[in-house]
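Participant: Quick one: structure below, then a few questions.
The values are calculated or read from the model by the stated rules, or taken from the named source; none is laboratory data. Just so we're clear, the structure is a prediction, and the values are computed from it rather than from any experiment. Cβ coordinates were reconstructed from backbone atoms using ideal geometry, including for glycine residues, and neighbour counts include every protein chain displayed.
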Amino acid sequence: MQTTYIRHQLHLCGREVALTFFFITIMSLSSFGQGMFGLTSSAGSDNKTLSYGFFLAAHTNSYRIKYSDAFMNRTTTSSAGVRSINPQFSPGFSLGFIGILRFHDQVQLLFTPKVGFYEYKTEVNYFGAVEPGGSTNMPGNSNTANNTTMSEVLTSEATMVELPLLFKYRSQRFNNTRMYFLGGASYNFKTKAQDEADIEDLVTTGQDVSLEMGMGFEIYFKYFKFAPEIRFSHGLNNAYRRENTIPEIADAISSIKRKSITLYLNFQ
């Protein structure tokens, strides 16, 4: 089983603080927009059937790793020296364009192609403290009192092209603000060839499909509309390539799926 670390708890705390700061910032911007431009800002092209915009985004991402059945049976796997595999959250950024098809004042279809820059980090902890006399303490040995853990961090960088198609439902406009929810799916692929990815220590495939869901606020200014948004992405495909992963951990993993939390700054 995975070991609990204090820094993992700090990661959770940090995300809660970031989300709190995000919503406080949104409410402040909302008040600013209403106070500066009154009640009737007409920016945002709400009445057009087709409209467009662009966005900048920052994300934190990691793998979702599932252990294999063989990992739980130490006698039948070449990865018996692995104590745990812990995905770590890593920051990144992306940018892209927004295409909007208006069905109704409150219902829209969004196509938001983007290029994202990702870094995936995975901490691998090994058994294997060397005992006096040169023996190695491995799972199953009776003498484990002095056993320590050795660890390494495997890093994989990827530039992804992502093609989300999303439905967006907006509340009715109140002064110069709207709240909205959105959801849909995205097809994603790496710009790196698979042959290049196969030389990494922990290898994943170059294509994926993910579910996307999020929420945000539209804030109307005099000449444009600004929409801060938070969105969650969960990969559906098993991206793990066991045959090309280093043998020390190859048998310990049965599946890898991608996940991310992204803060978008949309301009329309």
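Participant: When only residues in the stretch 126-164 that are β-branched (Val, Ile, Thr) and either modelled with pLDDT of 90 or more or not in a strand (DSSP E or B) (or both) count, which is farthest from the chain's Cα centre (by Cα)?
Facilitator: Among them, the one singled out is Thr144.
Participant: May I pose another question? Mind checking whether some residue in the stretch 25-44 is within 23 Å of the chain's Cα centre (by Cα) and modelled with pLDDT under 95?
Facilitator: Taking every residue of the stretch 25-44 in turn, at least one turns out to be within 23 Å of the chain's Cα centre (by Cα) and modelled with pLDDT under 95.
Participant: Give the residues of the stretch 213-234 that are of a type in the set (Asp, Glu) and farther than 17 Å from Leu95 by Cα, sorted by residue number.
Facilitator: Glu218 - this is the single residue of the stretch 213-234 that is of a type in the set (Asp, Glu) and farther than 17 Å from Leu95 by Cα.
Participant: Can you tell me which residue within the stretch 206-238, out of those that are outside any strand (DSSP E or B) and out of contact with any Phe, Trp or Tyr (no Cβ under 8 Å at 6 or more places or on another chain), is nearest to Thr112 (Cα to Cα)?
Facilitator: Result: Leu236.
Participant: Now a separate question. Identify, by number, the condition in (1) buried (at least 20 other Cβ atoms within 10 Å of the Cβ); (2) modelled with pLDDT of 95 or more that Arg178 doesn't meet.
Facilitator: Only one criterion in (1) buried (at least 20 other Cβ atoms within 10 Å of the Cβ); (2) modelled with pLDDT of 95 or more is unmet by Arg178, namely (2).
Participant: What number of residues in the stretch 102-125 are of a type in the set (A, V, I, L, M), loosely packed, with under 14 Cβ neighbours inside 10 Å and within 30 Å of Arg173 (Cβ to Cβ)?
Facilitator: 1
Participant: Please find, among Leu236, Leu211, the residue that is touching a His at 6+ places or on another chain (Cβ under 6 Å), modelled with pLDDT of 95 or more and under 30 Å from Tyr67 (Cα atoms).
Facilitator: Leu211
Participant: Out of the residues in the stretch 239-268 that are assigned to a loop (DSSP other than H, G, I, E, B) and small (Gly, Ala, Ser), state the one that is nearest to the chain's Cα centre (by Cα).
Facilitator: Only one residue fits best here, namely Ala239.
Conditions tested, residue by residue: (1) among the basic types (Lys, Arg); (2) buried (at least 18 other Cβ atoms within 10 Å of the Cβ); (3) more than 30 Å from Lys48 (Cα to Cα).
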site: Leu163; (1), (2), (3): no, no, no
site: Leu182; (1), (2), (3): no, yes, no
site: Leu202; (1), (2), (3): no, yes, yes
site: Thr205; (1), (2), (3): no, no, yes
site: Arg231; (1), (2), (3): yes, yes, no
site: Ile256; (1), (2), (3): no, yes, yes
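Participant: Search the stretch 203-226 for residues that are closer than 30 Å to Ala252 by Cβ and without any contact (Cβ under 8 Å) to a residue 40 or more places away in the chain and pair each with any residue that is among the hydroxyl-bearing types (Ser, Thr, Tyr) and crowded, with 20+ Cβ neighbours inside 10 Å when their beta-carbon atoms are under 9 Å apart and the residues are at least 6 apart or on different chains.
Facilitator: Taking only residues 6 or more apart or on different chains, the pairs are Thr205/Tyr240; Val209/Ser186; Leu211/Ser186; Leu211/Ser233.
Participant: Something else: Please specify each residue of the stretch 168-205 satisfying the condition of being touching a Leu at 6+ places or on another chain (Cβ under 9 Å), under 20 Å from Phe117 (Cβ atoms) and not in a loop (DSSP other than H, G, I, E, B).
Facilitator: Hits for the stretch 168-205 are Ser186, Tyr187, Asn188, Phe189.
Participant: Yes or no: Ser171 crowded, with 19+ Cβ neighbours inside 10 Å and in contact with a strand residue (DSSP E or B) (Cβ under 9 Å, 6 or more places away or on another chain)?
Facilitator: No: the conditions fail for Ser171.
Participant: Which one of the conditions (1) surrounded by 17 or more Cβ atoms within 10 Å (Cβ to Cβ); (2) modelled with pLDDT of 95 or more does Ala252 fail to meet, given that it meets all the rest?
Facilitator: (2)
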